[in-house]
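Right, one structure below, let's go through it.
What follows is calculated from the coordinates using simple rules that are stated; it is not laboratory data. If you're wondering where the values come from, they're calculated on a predicted model, not measured in any experiment. Please note: Cβ atoms are built from the backbone with ideal geometry, for glycine as well, and neighbour counts cover all protein chains shown.
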Amino acid sequence: MFKKLFKKEKVTLCRYKPIFITVDGKKHEGRTSDWVITQKIRTSVPDYLMLDIKEDGYVKDNFGNMYILSNIICIEWQRVEQKKVEDTFREFQIRVKAN
């Protein structure tokens, strides 16, 4: 009975990476994001990650090169990993650093 009262809920963690095409027609892979707790956002994970990209004004690729948004034709999001874990995070925590 007491175990049910104190049992933690499960949350879903997801990691995505952007794949984008620049105006010169080349395809690039971006850096993989930190883990995002999907139950704590009110939109999709790619839309949430796009907010950071729009705020920064650029996307970084795997080699650390930065591409400004005006030089990017399209961005697609590829889910790299997804897992369910026990909710041991702070109430308003959305991102978890990747190991």
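Only helices enter the 222 nm calculation for the chain: every DSSP H run of n ≥ 4 contributes -39,500 (n - 2.57), and dividing by all residues gives -4500 deg cm²/dmol, rounded to 500. Expressed in Å, the radius of gyration and Dmax of the Cα atoms of the range 8-96 are 14.3, 49. In the chain, a dipole from Cβ-located charges (positive for Lys and Arg, negative for Asp and Glu) runs towards its positive end, and of GLY64, SER33, GLN93 it is GLN93 whose Cα lies farthest in that direction.
Taking 0.36 nm per residue of sequence separation and removing the Cα-Cα distance, the TYR58/THR38 pair yields an extension gain of 4.8 nm. Taking label positions 7 Å along the Cα-Cβ direction at both GLU91 and GLN78, the computed distance is 4.0 nm, reported to one decimal. The residues PHE20, PHE63, when put in order of fewest to most other Cβ atoms within 10 Å, stand as PHE63, PHE20. In the chain, the longest principal axis of the Cα atoms and the axis of helix 45-56 are about 50 degrees apart.
Of all trypsin sites (Lys or Arg not before Pro) in the range 6-99, which ones are in loop regions per DSSP and have a Cβ with at most 16 other Cβ atoms within 10 Å?
Values: sites: LYS7, LYS8, LYS10, ARG15, LYS26, LYS27, ARG31, LYS40, ARG42, LYS54, LYS60, ARG79, LYS83, LYS84, ARG90, ARG95, LYS97; in loops: LYS7, LYS8, LYS26, ARG31, ARG42, ARG90, LYS97.
Loop-located and lightly packed - LYS7, LYS8, LYS26, ARG31, ARG42, ARG90, LYS97.
Mind checking the dipole of the chain: about its Cα centre, +1 per Lys or Arg Cβ, -1 per Asp or Glu Cβ, Debye to the nearest 20?
Details: 20 positive and 14 negative charges, 138 e Å.
Here the chain has a charge dipole of around 660 debye.
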